[in-house]
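Accompanying notes for the structure given below.
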Amino acid sequence: TMVDPRGYLTSLNSSKVSSDAEIGDFKKARTLLSSVTATNPKHGPGWIAAARLEEVAGKMTQARRIIRQGADECPGAEDVWLEAIRLHQGNKNFKTILTNGIMRLPTSVRLWIKAVESETTVHSKRLVLRKALEAIPTSVEIWKTAIELESADDARILLSRAVECIPSATEL
């Protein structure tokens, strides 16, 4: 039997050894954060901290479950939705979480930008940006992102429309 020394050492580096003290710290932190989320369920940072604790502990399923619960409890907390999107990236529920976040917070520029970044084709990015501009016609960042995706002629037309919507924006 042959052992590949490089592969063996790499697998040892990637394995995580938890000490009793570290496990105890996780238990204390879980107890504390579950108390925070139970006593004040509308506090978004508590849900984010609880989800990140589970992520650090290597329990991604638990982290995703916690942050979804936090998004249900704090539907108006943009940071909770952004954390839910981050934790669900590459997951089958990613688009659903993103869509729910935008439905709950239709004027969140950061959520719309995440939606644009999640699209793969230029055409679908343009469609998302058009919807974003319908929801937030006064967002300079969304206008700039939309203009960057257009050809020169279309960009001029879009830029003139942006200046009509936001005449005080010096960036445009």
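In this structure, does L159 turn out to be farther than 20 Å from I48 by Cβ and not in a loop (DSSP other than H, G, I, E, B)? Give the derivation first.
Values: farther than 20 Å from I48 by Cβ: yes; not in a loop (DSSP other than H, G, I, E, B): yes.
So L159 fits the description; yes.
Take the conditions farther than 17 Å from L98 by Cα, open to solvent by 30 Å² or more (accessible area, probe 1.4 Å), assigned to a loop (DSSP other than H, G, I, E, B) and not aliphatic (A, V, I, L, M) and apply them to T138. Does it pass? If you could, list the steps in order and put the result at the bottom.
Details: farther than 17 Å from L98 by Cα: yes; open to solvent by 30 Å² or more (accessible area, probe 1.4 Å): yes; assigned to a loop (DSSP other than H, G, I, E, B): yes; not aliphatic (A, V, I, L, M): yes.
When the stated conditions are applied, T138 passes them.
Suppose the filter is exposed (fewer than 14 other Cβ atoms within 10 Å of the Cβ), without any contact (Cβ under 8 Å) to a residue 40 or more places away in the chain and β-branched (V, I, T); does V122 pass it? Even if it seems obvious, please write down each step before you answer.
On the way: exposed (fewer than 14 other Cβ atoms within 10 Å of the Cβ): yes; without any contact (Cβ under 8 Å) to a residue 40 or more places away in the chain: yes; β-branched (V, I, T): yes.
Here the answer is yes, as V122 does meet what is asked.
Count, please, the residues in the range 145-154 that happen to be assigned to a helix (DSSP H, G or I) and loosely packed, with under 15 Cβ neighbours inside 10 Å.
To start, the set of residues in the range 145-154 that are assigned to a helix (DSSP H, G or I) comprises 145-148, 152-154.
Keeping just the survivors that are loosely packed, with under 15 Cβ neighbours inside 10 Å gives 148, 152-154.
Matching residues across the range 145-154 total 4.
Kindly provide the set of residues from the range 162-172 that are without any contact (Cβ under 8 Å) to a residue 24 or more places away in the chain, open to solvent by 30 Å² or more (accessible area, probe 1.4 Å) and in a helix (DSSP H, G or I), ordered by number.
Taking the range 162-172 as the starting set, the residues that turn out to be without any contact (Cβ under 8 Å) to a residue 24 or more places away in the chain are 162-164, 167-168, 170.
Subsequent filtering for residues that are open to solvent by 30 Å² or more (accessible area, probe 1.4 Å) retains 163-164, 167-168, 170.
Of everything in the range 162-172, those that are without any contact (Cβ under 8 Å) to a residue 24 or more places away in the chain, open to solvent by 30 Å² or more (accessible area, probe 1.4 Å) and in a helix (DSSP H, G or I) turn out to be V163, E164.
Does L158 satisfy being open to solvent by less than 50 Å² (accessible area, probe 1.4 Å), touching an Asp or Glu at 6+ places or on another chain (Cβ under 7 Å), more than 27 Å from A77 (Cβ to Cβ) and without any contact (Cβ under 8 Å) to a residue 40 or more places away in the chain? Spell out how you get there, then give the answer.
Values: open to solvent by less than 50 Å² (accessible area, probe 1.4 Å): yes; touching an Asp or Glu at 6+ places or on another chain (Cβ under 7 Å): yes; more than 27 Å from A77 (Cβ to Cβ): yes; without any contact (Cβ under 8 Å) to a residue 40 or more places away in the chain: yes.
Criteria met by L158.
Which one of S15, S11, S19 is of a type outside the set (A, V, I, L, M, F, W, C), modelled with pLDDT under 90 and surrounded by 10 or more Cβ atoms within 10 Å (Cβ to Cβ)? Explain how you work it out, then say what you get.
Numbers: S15 fails: surrounded by 10 or more Cβ atoms within 10 Å (Cβ to Cβ); S19 fails: surrounded by 10 or more Cβ atoms within 10 Å (Cβ to Cβ).
Answer to the check: S11.
Scan the range 126-134 and tell me whether some residue there is part of a loop (DSSP other than H, G, I, E, B) and surrounded by 15 or more Cβ atoms within 10 Å (Cβ to Cβ).
Narrowing the range 126-134 to residues part of a loop (DSSP other than H, G, I, E, B): none.
No, that holds for no residue.
Would a scan of the range 73-92 turn up a residue that is loosely packed, with under 13 Cβ neighbours inside 10 Å, of a type in the set (K, R) and either within 16 Å of the chain's Cα centre (by Cα) or at pLDDT below 90 (or both)?
Yes, there is a match, as at least one residue in the range 73-92 is loosely packed, with under 13 Cβ neighbours inside 10 Å, of a type in the set (K, R) and either within 16 Å of the chain's Cα centre (by Cα) or at pLDDT below 90 (or both).
Return yes or no: is G70 within 30 Å of K27 (Cα to Cα) and open to solvent by 60 Å² or more (accessible area, probe 1.4 Å)? Reasoning before the result, please.
Working: within 30 Å of K27 (Cα to Cα): yes; open to solvent by 60 Å² or more (accessible area, probe 1.4 Å): no.
Spelling it out, it is not the case that G70 is within 30 Å of K27 (Cα to Cα) and open to solvent by 60 Å² or more (accessible area, probe 1.4 Å).
Suppose we filter the range 109-119 for residues that are in a helix (DSSP H, G or I), of a type outside the set (G, A, S) and open to solvent by less than 90 Å² (accessible area, probe 1.4 Å); how many remain? First the steps, then the outcome.
Of the residues in the range 109-119, the ones in a helix (DSSP H, G or I) are 109-118.
After this cut, where a residue has to be of a type outside the set (G, A, S) as well, the list is 109-114, 116-117.
From what is left, the residues that are open to solvent by less than 90 Å² (accessible area, probe 1.4 Å) are 109, 111-114, 116.
Total satisfying the criteria: 6.
The values are calculated or read from the model by the stated rules, or taken from the named source; none is laboratory data. The shown structure was predicted, so the numbers you read here are calculated from the model rather than taken from an experiment. No Cβ is skipped: glycine too gets one built from the backbone with ideal geometry, and neighbour counts run over all protein chains shown. Each accessible area value is taken on the protein alone, full model and side chains, heavy atoms only, with ligands, DNA and RNA left out. Shrake-Rupley method; radii C 1.70, N 1.55, O 1.52, S 1.80 Å.
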